[in-house]
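The values are calculated or read from the model by the stated rules, or taken from the named source; none is laboratory data. All values reported here derive from a predicted model rather than from experimental measurement. Heads up, the Cβs are rebuilt from the backbone with ideal geometry, glycines too, and the neighbour counts pull from every protein chain shown. Surface areas here come from the heavy atoms of the whole protein model, side chains and all, with no ligands, DNA or RNA. Shrake-Rupley method; radii C 1.70, N 1.55, O 1.52, S 1.80 Å.
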Amino acid sequence: MEKMAQMYEGKAKKVFATNDENYCIVSYKDDATAFNGLKKGTIAGKGVVNNKMSNYLMQQLEKIGIPTHYVEELNDRETVVKKVSIVPLEVIVRNIAAGSFSKRFGVEEGRVLLCPTLEYCYKDDELGDPMVNDYHIIACGWATKEELDTISDYTFKINAFLKDFFKKINIDLVDFKIEFGKTKDGQIILADEISPDTCRFWDATTHEKLDKDRFRRDLGGVEEAYTEMMNRIFGGNE
Ligand code: UDP
């Protein structure tokens, strides 16, 4: 597969066209942003961690029947993925209260929720990614009822798998955000990334934060947290 012109540059990734119209190449950067782009910085080595972690998890998810955009890891930072049109929703699952959930509902960070929750935000930076419900999504045509059913079904399966996977390496999966895309033939597949940028990971024993909150909240040890997650997943073999 040949890398062609850059199609898009986002906050943390670049996307390139390839000589095959069904595939793109994603390139992960070390750039970090938070609070809708207000806070900017660099996390050395983050692109490598996010690329490898995301690819590994997507391959595991394929094995339990979740279709994903993953095709082939080219190198430390670059991966071939299926070309999709992104469903303009951030799909957020929470197992433990944190972040905006705690703020919005006055539920203290760390409270274990009685069941996993699902929420959607409409992806629009200018609007600040407002939270929306199923009716808003269907009424505005961002996804159909059938697509949303598929998305929520996949999402709870993904949560169950990831929760269990991370528990085995002594990590509590607090919450995470995923995105889905639609292929040319209308199939809904998991896209984007699963990484410390998009998940909250707490050490299950010490509750130490091992994710982007270290950057958002100026906690220090940002690079170390990403490396620690990489080591727990790959046992120092990557
Ligand atoms: N998240 C994300 N991108 C966003 C917003 C949230 O990846 O634009 C992730 C975030 O890392 C966390 C989860 O979604 O794991 C829930 O985030 P929350 O709504 O609490 O927002 P935050 O407190 O991060 O602003």
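One table, with the values for the structure above:
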{"read-out": "Some residue of the range 141-152 being closer than 30 Å to Phe234 by Cβ, surrounded by 14 or more Cβ atoms within 10 Å (Cβ to Cβ) and touching a residue at least 40 places away in the same chain (Cβ under 8 Å)", "value": "yes"}
{"read-out": "Members of the range 186-238 that are among the aliphatic types (A, V, I, L, M) and in contact (Cβ under 8 Å) with a residue 40 or more places away in the chain", "value": "Ile188, Ile189, Leu190, Ala191, Ile194, Val222, Met229, Met230, Ile233"}
{"read-out": "Yes/no for Val107 being of a type in the set (Val, Ile, Thr), over 21 Å from Ile86 (Cβ atoms) and in contact (Cβ under 8 Å) with a residue 12 or more places away in the chain", "value": "no"}
{"read-out": "Checklist (1) buried (at least 19 other Cβ atoms within 10 Å of the Cβ); (2) within 19 Å of Arg94 (Cα to Cα) applied to Ala225, failing item", "value": "(2)"}
{"read-out": "Residue match in the range 43-57 (condition: among the aromatic types (Phe, Trp, Tyr) and either surrounded by 14 or more Cβ atoms within 10 Å (Cβ to Cβ) or in contact with a strand residue (DSSP E or B) (Cβ under 6 Å, 6 or more places away or on another chain) (or both))", "value": "yes"}
{"read-out": "Residue selected from the range 87-97 under the condition over 13 Å from the mean Cα position of the chain (by Cα) and closer than 19 Å to Thr150 by Cβ, by the criterion most open to solvent (accessible area, probe 1.4 Å)", "value": "Pro88"}
{"read-out": "Enumeration of residues in the range 58-68 that are touching a strand residue (DSSP E or B) at 6+ places or on another chain (Cβ under 8 Å) and open to solvent by 40 Å² or more (accessible area, probe 1.4 Å)", "value": "Gln59, Glu62"}
{"read-out": "Test: residue in the range 20-36 that is outside any strand (DSSP E or B), open to solvent by 10 Å² or more (accessible area, probe 1.4 Å), closer than 25 Å to Glu119 by Cα and modelled with pLDDT under 95", "value": "yes"}
{"read-out": "Checking Ala97 against (1) more than 13 Å from the ligand (Cβ to nearest atom); (2) touching a Lys or Arg at 6+ places or on another chain (Cβ under 9 Å), the condition it does not meet", "value": "(1)"}
{"read-out": "Selection within the range 210-221 - more than 9 Å from the ligand (Cβ to nearest atom) and crowded, with 21+ Cβ neighbours inside 10 Å", "value": "Leu210, Phe215"}
{"read-out": "Which numbered condition Val174 misses (of (1) within 16 Å of the ligand (Cβ to nearest atom); (2) open to solvent by less than 30 Å² (accessible area, probe 1.4 Å); (3) closer than 22 Å to Val15 by Cβ)", "value": "(3)"}
{"read-out": "Residues satisfying the stated conditions in the range 177-200, i.e. more than 27 Å from Arg214 (Cα to Cα) and open to solvent by 30 Å² or more (accessible area, probe 1.4 Å)", "value": "Lys182, Lys184, Asp185, Gly186, Gln187"}
{"read-out": "Qualifying residue in the range 173-181 (condition: charged (D, E, K, R) and over 15 Å from the mean Cα position of the chain (by Cα))", "value": "no"}
